[in-house]
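The values are calculated or read from the model by the stated rules, or taken from the named source; none is laboratory data. From a predicted model like this one, the values you see are computed outputs, not experimental measurements. Every residue, glycine as well, gets a Cβ built from its backbone with ideal geometry; the counts of neighbours run over all protein chains shown.
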Amino acid sequence: MSKYSIKIFLCILLALLLTNCGSEKRYVKAKINNKIYKFELALTEEEKGTGLMFRKKLDPDGGMLFVYSYMTIMDFYMKNTLIPLDIAFIDGGFKIVDIQSMNPLDETTVRSKKRCMYALEVNRGFFERIGVKEGDTIEFITPIPYVTEL
């Protein structure tokens, strides 16, 4: 192999590595009513900003957990989100403080009733189907990464 070929190979390899960095989805597992569920994590500002936008379907037992580094009143909306969702707002002790429904493509703000640290978006009807309500606690069985925000 010539020096030129090696340089091209290394450039292509570097480009592939850089485009894949950070694009791998991360998950957390939770035990709810003796069943294990796997939720995608939204940790970075980019992941949180995109959320479940543009997806045409969501695993019936899946969803996305938005993770923040502090307790706050949270605001969500459904811009470019095609799936009807329920959202649970969860405090730092993993207690559900509020559950609300959100309609596809609705840009009306959905605000948590109380301060929380996490928000879990799932298919509409998921919480009712598995028997979860406000006041229940979710048991996360894999660690939730701590995030820092600027």
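Residue 67 fails exactly one of the following numbered conditions: (1) in contact (Cβ under 8 Å) with a residue 60 or more places away in the chain; (2) closer than 20 Å to residue 47 by Cβ; (3) part of a loop (DSSP other than H, G, I, E, B). What is the number of that condition?
With respect to (1) in contact (Cβ under 8 Å) with a residue 60 or more places away in the chain; (2) closer than 20 Å to residue 47 by Cβ; (3) part of a loop (DSSP other than H, G, I, E, B), residue 67 is out only on (3).
Can you name every residue in region 93-111 that is within 16 Å of the chain's Cα centre (by Cα) and part of a loop (DSSP other than H, G, I, E, B)?
94
Are there any pairs with C-beta distances below 8 angstrom linking a residue in region 116-132 that is part of a helix (DSSP H, G or I) to a residue that is of a type in the set (Lys, Arg) and at pLDDT 95 or above, with the two at least 6 apart or on different chains, and if so which?
127/133; 130/35
Residue-wise test of (1) more than 15 Å from residue 63 (Cα to Cα); (2) of a type outside the set (Phe, Trp, Tyr).
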{"position": "89", "(1), (2)": "no, no"}
{"position": "93", "(1), (2)": "yes, yes"}
{"position": "97", "(1), (2)": "yes, yes"}
{"position": "101", "(1), (2)": "no, yes"}
{"position": "105", "(1), (2)": "yes, yes"}
{"position": "110", "(1), (2)": "yes, yes"}
{"position": "116", "(1), (2)": "yes, yes"}
{"position": "120", "(1), (2)": "no, yes"}
{"position": "124", "(1), (2)": "no, yes"}
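Could you please let me know if residue 147 is part of a strand (DSSP E or B) and of a type in the set (Val, Ile, Thr)? Even if it seems obvious, please write down each step before you answer.
Working: part of a strand (DSSP E or B): no; of a type in the set (Val, Ile, Thr): yes.
Answer is no for this residue.
Identify all residues within region 84-113 that are buried (at least 18 other Cβ atoms within 10 Å of the Cβ) and touching a residue at least 40 places away in the same chain (Cβ under 8 Å); write none if there are none.
86, 88, 90, 96
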